[in-house]
Amino acid sequence: MNVILFLGDFFRDARCMNMADSIIDDAQELIIIHSGNGSETYRGKMIYHLSLPSSGIYKYWKFYRESQKLLQSISPRNIIAGDLYSLPSAASQSPPNLIYDSREIYTQLAGLNESPIKQKFWNFIEKINIKKASMVVVTADSDSEVLKSIYGEIPCIILKNFPAKKTLPTSPIDLHSKLNIPHSAPIFLYQGMLHKGRGIEQVLPLLENFDDSHYVVLGSGPFKVDFESEAKKCGVRNRVHCLGSIPYSELMNYTISATIGFSLIEPLSQSYEHALPNKIFEYAAVGLPVVATDLSEMKKAITEYNLGYCVRFGDEAGLVKAVEKILLEVSSEKYEPNNQLFWEAQSDNFLGIL
């Protein structure tokens, strides 16, 4: 029996869904435990929904206790801890095979920079549990190097944040028609969580440089209020469209009708400096050119696969030039869907660690 344990919404998390699909397609048993809502099953497999407070230490404690009780009743052979917050509960069961999906350098997240006590706490939690993992899964070489520099030699495997082929658009949504945007106008797109440091607001000045452009934001998070306030301050609020969080199975139906996808992550922390977010590969999957910050892993991927351009964070002139280049290239149909960057290419590697 396999269990995926995740403090978050399984149905809005591409990585968890990809792992689940690989397990199910391989005819293995699976139970999912998460803190989201939705169906009681996924492709015929049981899902347990844990109801938690929205924030505070009690949120993590309740998740630990309730998931621990469930795991004790299931006694799985393989537990996949989908994040650091799931790792303590998973490790407490001493399963034959514990897989820790360190999709971020969690102890170096930007949100902890201003909370040294919280940072020390999560450092301690990771330190005492990561050695219990049979395998640590990371998204890039640099993440593996950082974790080994902190914890010594630990077994690591790289599984990039590629989308699955089944997420390709089946019912494309015309954003121009949906939002009453002229079809000649470029649509700038951001999809993902709305957090400080994701560079969401960096796109706003572009709306002043490209008068007919619009900005579509797909996602939710604590930075939304500040972002909308900034858009109003810039005088472009009428050309900014926040559509909220979209179920992952439907996301690329929206992605495909944009013009340029953005990932302007601010290097606020070591975790962000090494970021290689799934949105880059989701954009590429439908032929959407990418403009991203020139951080090491993003720059490597964008250069290797010719996905678009990288700019230094905060370089407004460089950002304008990158967009100008892409708009010319789009008109000549330079960008096409990339068929190499899909989860299926690494599914066997994932199954090999179960």
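The values are calculated or read from the model by the stated rules, or taken from the named source; none is laboratory data. Because the structure is a prediction, the values reported are computed rather than measured. For neighbour counting, all protein chains shown are included, and Cβ atoms are generated from backbone atoms with ideal geometry for every residue, glycine included. Ligands, DNA and RNA are stripped out before the accessible areas are found, and what is left, the full protein with its side chains, is counted by its heavy atoms. Shrake-Rupley method; radii C 1.70, N 1.55, O 1.52, S 1.80 Å.
Please give the net charge around Glu126, taking every other residue with its beta carbon less than 14 angstrom from that of Glu126, where Lys and Arg add +1 and Asp and Glu add -1.
+3
Among the aspartates and glutamates, which fall within straight-line cross-link reach of Lys131, defined as a Cα-Cα distance under 12 Å, with same-chain neighbours fewer than 8 residues apart omitted?
Glu153
Give me the distance in nm between label points sitting 7 Å out from Cα along the Cα-to-Cβ direction at Asp226 and Glu208, one decimal.
2.0 nm
For the Cα atoms of the chain, what angle does the longest principal axis make with the long axis of helix 296-305, in degrees from 0 to 90, nearest 10?
70 degrees
Between Leu50, Leu341, Leu194, which gets the highest mean-square fluctuation from a Gaussian network model of the chain, Cα cutoff 10 Å?
Of Leu50, Leu341, Leu194, the Gaussian network model singles out Leu50 as fluctuating most.
Which net charge results for the neighbourhood of Ile99, defined as the other residues with beta-carbon distances under 13 angstrom from its beta-carbon, given Lys and Arg at +1 and Asp and Glu at -1?
+2
What figure in square angstrom, to the nearest 10, would you give for the accessible area of Asp294 with a 1.4 Å probe?
The value for Asp294 is about 60 Å².
Looking at the stretch 180-226, I'd like the Rg to Rh ratio, where Rg is from alpha-carbon atoms and Rh is Kirkwood's inverse mean 1/r.
So for the stretch 180-226, dividing Rg by the Kirkwood Rh gives 1.00.
For Kirkwood radius over Cα pairs in Å, one of [x] 22.1; [y] 21.1; [z] 29.8 was computed from the structure I shared and the rest are decoys. Which label?
It is the value labelled [y].
So if each residue of separation counts as 0.36 nm, and I subtract the Cα-Cα distance between Arg77 and Asn339, what length gain in nm does that give?
So the extension gain works out to 90.9 nm.
Any of Lys45/Lys160; Lys299/Lys325; Lys59/Lys148; Lys279/Lys299; Lys59/Lys120 with alpha carbons more than 20 Å apart? Name them for me.
As for pairs spanning more than 20 Å Cα to Cα, those are Lys45/Lys160; Lys59/Lys148.
Relative to the Cα centre, what is the charge dipole magnitude of the stretch 140-286, using +1 at the beta carbon of each Lys and Arg, -1 at the beta carbon of each Asp and Glu, and rounding to the nearest 20 debye? Please list the in-between numbers first.
Details: 13 positive and 16 negative charges, 81 e Å.
Roughly 380 debye, rounded to the nearest 20.
Can you tell which of Phe11, Ile128, Ile31 lies farthest toward the positive end of the dipole of the chain, using +1 and -1 charges on the Cβ of basic and acidic side chains (Lys, Arg; Asp, Glu)?
Ile128
Consider just the alpha-carbon atoms of the stretch 30-152 and return their Rg together with their Dmax, both in angstrom.
According to the Cα coordinates of the stretch 30-152, Rg and Dmax are 14.9, 43 Å.
Stokes-Einstein at 20 °C, 1.002 mPa s, Kirkwood radius from Cα pairs: D for the stretch 104-238 in µm² s⁻¹?
So the translational diffusion coefficient is about 116 µm²/s.
Calculate the all-directions average of the projected area of the stretch 233-306's alpha-carbon convex hull, and give it in nm².
Mean projected area for the stretch 233-306: 6.2 nm², to one decimal.
Say a paramagnetic label sat at a point 7 Å from the Cα of Ser249, along Cα to Cβ; which residues of the stretch 1-30 have their backbone N under 11 Å from it?
Answer for the stretch 1-30: 11-12.
Using only the alpha-carbon atoms, how far is helix 224-233 inclined from the longest principal axis of the chain? Give it as 0 to 90 degrees, nearest 10.
Computed tilt is about 10 degrees.
Just going by the charge dipole of the chain, with Lys and Arg at +1 and Asp and Glu at -1 on Cβ, which of Ser249, Ile326, Gly56 is farthest out on the positive end?
Gly56
Taking 7 Å along the Cα-to-C-beta vector as the label spot, tell me the Lys196-Glu316 distance in nanometres, rounded to one decimal.
Between Lys196 and Glu316, the label points sit 2.2 nm apart.
Can you give the relative contact order of the chain as a percent, counting alpha carbon pairs under 8 Å and 6+ residues apart?
It comes to 15 percent, rounded to a whole number.
First select every other residue whose beta carbon is under 15 angstrom from the beta carbon of Arg312; then total the charges, Lys and Arg +1, Asp and Glu -1.
Values: positive: Lys299, Lys321; negative: Glu266, Glu273, Asp294, Asp315, Glu316.
Neighbour charge sum, excluding Arg312 itself: -3.
Ordered by residue, what ³J(HN,Hα) values in Hz, to whole numbers, does the stretch 278-289 give under the Karplus form 6.51 cos²θ - 1.76 cosθ + 1.60, where θ = phi - 60° and Gly and Pro are x?
Result, ordered by residue: 5, 4, 4, 7, 5, 4, 4, 4, 10, x, 8, x Hz.
Helix-derived [θ] at 222 nm for the chain: sum -39500 (n - 2.57) over DSSP H runs of at least 4, divide by residue count, nearest 500?
Theoretical 222 nm ellipticity from helices: -11000 deg cm²/dmol.
Starting from the amide H of Ile31, placed 1.01 Å from N in the peptide plane, find each other amide H under 5 Å away whose residue is 5 or more places distant or on another chain.
So Ile31 has HN proximity to Asn2, Val3, Ile4.
Please list the non-local residues whose amide H lies under 5 Å from the amide H of Cys156, H modeled 1.01 Å from N, same-chain partners needing a gap of 5 or more.
Val136
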